[in-house]
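Before any comments, here is the structure.
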């Protein structure tokens, strides 16, 4: 029978995140693949989100044109430079440059800043063939579009995949307009054997559904989804169960948005201004702050 759980601070405290390891490796490793020439900052937001969620190590696989600048902007991350097409899109076939990182990562996030559906499909297909056997895959943005266009691309990651669509991308995954978010997300989760988080609602493929309330209008800002996807990847890398990673990430994202809104205004804060609040919100929801 389908079950819906309202997410509260009490529920989250009864569902604690894995304890932090005593080393970078022990806290989990994340690879973020994305950041074409038009949106290079997306991988920065996602990578920062993964680190703020407690991941120990983050590598950004991104376009060669911006790789050096990204490395300087985010010195905490490793960089793998991917070849770009003549029009500035990341060439999907170049993901092989990150073969070692894909195999070693605890969580791989594909999508932030990618902007060509055909190249993204190639990157996703080839990248999945290089994943470790237990690596969690998080799909965002154009990676969701590629998966919607050809669901077989995601077959190697079925059962270990988290999807972070907005409502338009959720409709793509269904191949129709959304009718009822709860029912539709359950259908997506079952169709792709994945956990799905969208607008505060999370579904897994056992028909279970969680609802996180309190989202404000400021979350509808450029880069907000990259932050959510990065936090999700960071929690998954730490060893959180897939539904737990998605539920906690959604709660942290909403809570950080509320904190940023209090300082900057309901629709006036930037996605990057949410990031410093992730840790404060995690401590508060864990009962340690």
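Each reported figure results from applying straightforward, stated rules to the coordinates on display, with no laboratory input. These figures come from a predicted structure and were not determined experimentally. Ideal geometry is used to build each Cβ from the backbone, glycine not excepted, and the neighbour counts take in all protein chains shown.
Using the beta-carbon distance between residue 155 and residue 267 and R0 = 41 Å, what value does 1/(1 + (r/R0)^6) give for FRET efficiency, to the nearest 0.05?
0.55
Test of understanding: in a Gaussian network model of the chain with alpha carbons linked when under 10 Å, which of 41, 214, 26 would top the mean-square fluctuation ranking?
Result for the chain, Cα springs under 10 Å: 214 fluctuates most.
Assuming R0 = 35 Å, can you tell me the calculated FRET efficiency for the pair residue 19 and residue 222, based on Cβ-Cβ distance, to the nearest 0.05?
0.50
How many angstrom lie between the Cα centre of the stretch 55-85 and the Cα centre of the stretch 147-201?
Each part reduced to its Cα centre gives a spacing of 28 Å.
Quick one: which of 44-55, 140-151 comes out on top by average Cβ neighbours within 10 Å, and what's the full order, highest first?
On the way: 44-55: 28.4, 140-151: 23.2.
Going by the mean number of other Cβ atoms within 10 Å, highest first, we get 44-55, 140-151.
Relative contact order of the chain: what whole-number percent is it, with Cα pairs under 8 angstrom and at least 6 residues apart?
Taking the mean separation of contacting Cα pairs over the length of the chain, I get 21 percent.
Springs between alpha-carbon atoms under 10 Å, Gaussian network over the chain: tell me which of 248, 15, 210 tops the mean-square fluctuations.
Among 248, 15, 210, the largest GNM mean-square fluctuation belongs to 15.
Can you tell me how much longer the chain between residue 5 and residue 193 gets when fully stretched, taken as 0.36 nm per residue apart minus their C-alpha distance, in nm with one decimal?
On the way: separation 188, 0.36 × 188 = 67.68 nm, distance 1.99 nm.
Contour length minus Cα-Cα distance gives 65.7 nm.
Percent antiparallel among DSSP beta bridges with both residues in the chain, to the nearest 5?
Counting only bridges with both partners in the chain, antiparallel ones make up about 20 percent.
Where is the GNM fluctuation largest for the chain (alpha-carbon springs, 10 angstrom cutoff): 63, 35, 159?
Fluctuation is largest for 159.
Here are several values of Kirkwood radius over Cα pairs in Å: [x] 19.7; [y] 22.4; [z] 18.4. Which one was derived from the coordinates shown?
It is the value labelled [z].
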